[in-house]
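The values are calculated or read from the model by the stated rules, or taken from the named source; none is laboratory data. Worth saying up front: this structure is predicted, and the values here are computed from it rather than measured. We place every Cβ from the backbone using ideal geometry, glycine too, and count neighbours over all the protein chains shown.
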Amino acid sequence: MSSKFLYQTYTLANGSSKVVKESARVVVANCSLLSNFLGNDKLYADARAMSQKAKKQPLDEDNQQFEEYDMFQAAREKSKSVKQAEKKQNDILTNSKRPKNRKSDISNKREFGTTRVLNDEDSSKAKPKVIGEAEKADFEMSQSSVPSSRISRLFHYGTLAAGVGLDILRQSAESYAKGQDPKPVGSMIMSPRNIERIARKFSRMRGAALKIGQMLSFQDASVLPPEIQQILLRVQNSAHYMPSGQLEKVISFELGEGWRSRYFASFNDVPIAAASIGQVHQAITKDTHERVVVKVQYPGVADSIDSDLDNILTLLTASRLLPPGLFLDKSVANARVELKWECDYLREAQNIARFGDLLKDDPVFVVPKVYHELSDEHVLTMEEMRGTEIMKKEWPQKTKNWISSNIMRLTLTEIAKFRFMQTDPNWANFLYNEETNKIELLDFGACRDFNKDFITTYLNCLRASVKKDYDRVQKYSKDMGFLTGLETDSMTQAHVESIIALGEPFSPLDNKGSEYDFTNQTVTDRVRGNIKLMLNERLTPPPEETYSLHRKLSGAYLLCARMKAVVPCEKIFEEIVGVEYE
């Protein structure tokens, strides 16, 4: 091999190196996500050391010896060491012996919680599995184990960040090589390739990733960029569940070995629901032969909430696509609290009992019975409700009006009367039973109380919007913390007009005693028209209580619009809230 060829090869490699270095400089200067990783990774440090060693060797054009460093082999070795550490951690967890008569120490319980999204397939197709029979599913969801240890979850988020980062470097290098200005970092992070990568990883991880997706998915379409919406849609439509081996370990740890034969006449290993926190299985109790559903929490989800949300916040912040007025850090802080509530199935069981007591005399709503002897911190067994999801069937319009009216009534009752709300607006949480003419309620993990003073001020603001009293809407908005008083006139006007518009379905000035037709409503369009301005000029995040409250109230509006319902909103508001200020 001639010295001339070696010199040309060296020159080409040196030029390529400069391109990559410049691309990295551009990206790191604009992307905190990558700068957090550079220089801190052992693999990177090893590679840098070898590179420095090679540079110190004299260059002999006639007889140059190049010392190779196999980056791919190093990566494989590192991956192998991580997987071995993960396996060791899992072995320690699964081999832990659980006392047979372990009592729940509520004072030491983690304050965690769950959410539920049913699979799009008809749940009636899932036949219970009889013990001893071969498992056979009539429909298929994606099956993948849940990364349960902190090491494994960190590894998965690390590989996601590395994959996204390498793709950004690739795009930046291509632009630099073509003499073009680098693309904005946000657009490079949310390239089609990275959208696919992020959606796939979030679906695999479950937990906080899916919860953030569910919370943001109820934002108006004009708030979120199309790239984020695409990820949320992909995540929402995914349905992953634990393989049977992992399921067996999780339930055995909570209910003890031999739980199948001791507690159930049958248990269907294929879940009818796969959600962000856990999955839901149909079963029949052994002693009473009652049909139940068993909600099983994914392993490791509760312990990884904080670290998962920190990783997601870093990724979303680095993308720079979300508007600053969305106050993402506050949204994530709210999600952090709600996730911890939802991961605590003992708390959810108490919420079910509380709602059962509050609604015991209600002619429309029912809640499931909890089987406490078949439940624990991460397993919750409840009566199987027999209704149909309200969005899974094309009901007569009269039925749609009735369902929508009662859900709107319940939402206002939770705010004004109970000061206690089930804050998950997912329509899968409402079932309509044609035989009993009842609406069955599900999923009480995200329930929360509201302070009396806050509710009083909030209801006064609603009353002002119903009366179209602009001055009082502005006053009560300042009292709650929506406004600081330092906003521009355009920002203040946009906020007040949006609140007034939201009160329109309940306003006697607009409806004059008539029912409100959500088919032809323009409320959402008018609010949507103000959102961009408010997100750009908002000076303070909304009150903490309103994150979950408005998510539920918005869900009720969207439900009525989706049902094209005609609802006696004015009458419902007057009976439950009243129009007089407190």
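Summary table below
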quantity: Those residues of the stretch 266-288 which are assigned to a strand (DSSP E or B) and free of Cβ contacts under 8 Å to residues at least 60 places away in the same chain, in sequence order; calculated: Q279, H281
quantity: Condition met for W402 (surrounded by 16 or more Cβ atoms within 10 Å (Cβ to Cβ), assigned to a loop (DSSP other than H, G, I, E, B) and at pLDDT 95 or above); calculated: no
quantity: Check on E545, outside any loop (DSSP other than H, G, I, E, B), buried (at least 17 other Cβ atoms within 10 Å of the Cβ) and within 27 Å of the chain's Cα centre (by Cα); calculated: yes
quantity: Among (1) surrounded by fewer than 19 Cβ atoms within 10 Å (Cβ to Cβ); (2) within 30 Å of the chain's Cα centre (by Cα); (3) touching a residue at least 40 places away in the same chain (Cβ under 8 Å), the one test that V527 misses; calculated: (1)
quantity: Selection within the stretch 449-465 - among the charged types (D, E, K, R), under 29 Å from the mean Cα position of the chain (by Cα) and assigned to a helix (DSSP H, G or I); calculated: K452
quantity: Residue in the stretch 520-538 that is among the acidic types (D, E) and more than 21 Å from Y470 (Cα to Cα) present; calculated: no
quantity: Selection count where residues are under 18 Å from N451 (Cβ atoms) and in a helix (DSSP H, G or I), scope the stretch 552-582; calculated: 2
quantity: The stretch 422-448, subset assigned to a helix (DSSP H, G or I) and among the hydrophobic types (A, V, I, L, M, F, W, C), residue nearest to Q297 (Cα to Cα); calculated: A428
quantity: So L410, is it part of a strand (DSSP E or B) and of a type outside the set (D, E, K, R); calculated: no
quantity: Residue selected from the stretch 338-392 under the condition assigned to a loop (DSSP other than H, G, I, E, B) and among the basic types (K, R), by the criterion nearest to the chain's Cα centre (by Cα); calculated: K392
quantity: Residue count for the stretch 530-549, restricted to those that are at pLDDT below 80 and among the aromatic types (F, W, Y); calculated: 0
quantity: Test: residue in the stretch 443-461 that is assigned by TED's automatic domain parsing to the domain that holds G513 and in contact with a Gly (Cβ under 7 Å, 6 or more places away or on another chain); calculated: yes
quantity: Pair list, Cβ < 8 Å and 6+ apart or interchain, from the stretch 548-568 residues that are closer than 11 Å to S405 by Cα to residues that are of a type in the set (D, E, K, R) and surrounded by 18 or more Cβ atoms within 10 Å (Cβ to Cβ); calculated: M563/K400; A565/K400
quantity: Among the residues listed as L309, L410, L328, the single one being at pLDDT 90 or above, among the aliphatic types (A, V, I, L, M) and outside the structural domain of L247 (by TED's automatic domain parsing); calculated: L410
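Residue-wise test of (1) under 20 Å from P425 (Cα atoms); (2) modelled with pLDDT of 95 or more; (3) crowded, with 21+ Cβ neighbours inside 10 Å.
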residue: R204; (1), (2), (3): no, no, no
residue: A209; (1), (2), (3): yes, no, yes
residue: G213; (1), (2), (3): yes, no, yes
residue: A221; (1), (2), (3): yes, no, no
residue: P226; (1), (2), (3): no, no, no
residue: P271; (1), (2), (3): no, no, yes
residue: G278; (1), (2), (3): yes, no, yes
